[in-house]
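Participant: So that we are looking at the same thing, I have put the structure below in structure tokens.
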Amino acid sequence: MTDQRELVSHPAGTERPYARAAVFAGTIWACGQIPTTADGRTPAAIGDQVRVALDNLEAALQAAGGGLHTLLKATVYLADLSEFDEYNTAYLARLDGIPLPPRTTVEVARFRGDKRIEIDGIAAVDPAN
């Protein structure tokens with residue numbers, strides 16, 4: 001059997017020891033996306049971190065042939081569940097107009113630096129691509 005998966009690389013200048021996403025049989029698995037902007041900054045407010053992490057997830061899914069509109073499942077890792085309401089408000093605002101997929105949100109410890117969220121997702125390849 002041949003390897004039919006496609007591994008999507010990170011953008012130039014941001015090489016990592018893992019793929020940005022994997023595509024197999026019309027499904028995309030994106031790696032966890034953190035709230036770091038292209039210039040390396042992490043916003044202070046959790047709502048802004050949610051938006052940046054979702055922007056990064058959208059870019060990873062687009063590079064693999066999908067998008068937030070093809071998201072099948074999201075997993076969200078929060079540093080502090082007491083920020084759930086603010087995170088949820090920003091999440092819903094950023095995905096406004098997109099049918100919401102199933103989502104799991106869990107609290108985790110020990111993010112590096114000022115990061116307080118990471119989001120990964122499973123999506124379908126957009127048939128229009």
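Participant: Tell me the label-point distance for the pair R103, D55, using the 7 Å Cα-to-Cβ offset, in nm and rounded to one decimal.
Facilitator: 1.9
Participant: In square angstrom, what is the accessible area per residue of the chain with a 1.4 angstrom probe?
Facilitator: Numbers: 7330 Å² over 129 residues.
Each residue of the chain exposes 57 Å² on average to a 1.4 Å probe.
Participant: Under the Karplus relation 6.51 cos²θ - 1.76 cosθ + 1.60, θ = phi - 60°, what is the ordered set of whole-Hz ³J(HN,Hα) values for segment 91-96, x standing for Gly and Pro?
Facilitator: 4, 5, 5, 5, 9, 4
Participant: Also, I was wondering about something else. Could you work out how far helix 46-63 tilts from the main Cα principal axis of the chain, as a 0 to 90 degree angle to the nearest 10?
Facilitator: On a 0 to 90 degree scale, this one is about 0.
Participant: Bins of 5 Å, beginning at zero and ending with the bin holding the largest distance: percent of Cα pairs per bin for segment 65-129, please.
Facilitator: The distribution over segment 65-129 is 4, 16, 24, 23, 16, 10, 5, 2, given as percents.
Participant: Okay, moving on. Are there trypsin sites (Lys or Arg not before Pro) in segment 46-129 that DSSP marks as loop and that have at most 11 other Cβ atoms within 10 Å, and which are they? Write out the running numbers ahead of the final one.
Facilitator: Numbers: sites: R51, K73, R94, R103, R110, R112, K115, R116; in loops: R110, R112, K115, R116.
Taking segment 46-129 and a limit of 11 other Cβ atoms within 10 Å, the loop trypsin sites (Lys or Arg not before Pro) found are R110, R112.
Participant: Within segment 25-58, list the residues whose amide N lies under 18 Å from a label point set 7 Å along Cα→Cβ of H10.
Facilitator: Inside the label zone: 29-43, 52-58.
Participant: Using all alpha carbons of segment 1-104, what is the percent of pairwise distances in each 10 Å bin, ordered from the shortest bin to the longest?
Facilitator: Whole-percent P(r) values from 0 Å outward: 14, 45, 32, 8, 1.
Participant: Here is a further query. Can you work out ³J(HN,Hα) from phi for every residue in segment 74-82, in order, using Karplus 6.51 cos²θ - 1.76 cosθ + 1.60 and θ = phi - 60°, giving whole Hz and x for Gly and Pro?
Facilitator: 10, 10, 10, 10, 10, 6, 8, 5, 5
The values are calculated or read from the model by the stated rules, or taken from the named source; none is laboratory data. All figures in this text were calculated on a predicted structure; none of them were measured in a lab. Because the Cβ atoms are built from the backbone with ideal geometry, glycine has one as well, and the counts that use them run over all protein chains shown. Surface accessibility is based on the protein's heavy atoms, side chains included, excluding ligands, DNA and RNA. Shrake-Rupley method; radii C 1.70, N 1.55, O 1.52, S 1.80 Å.
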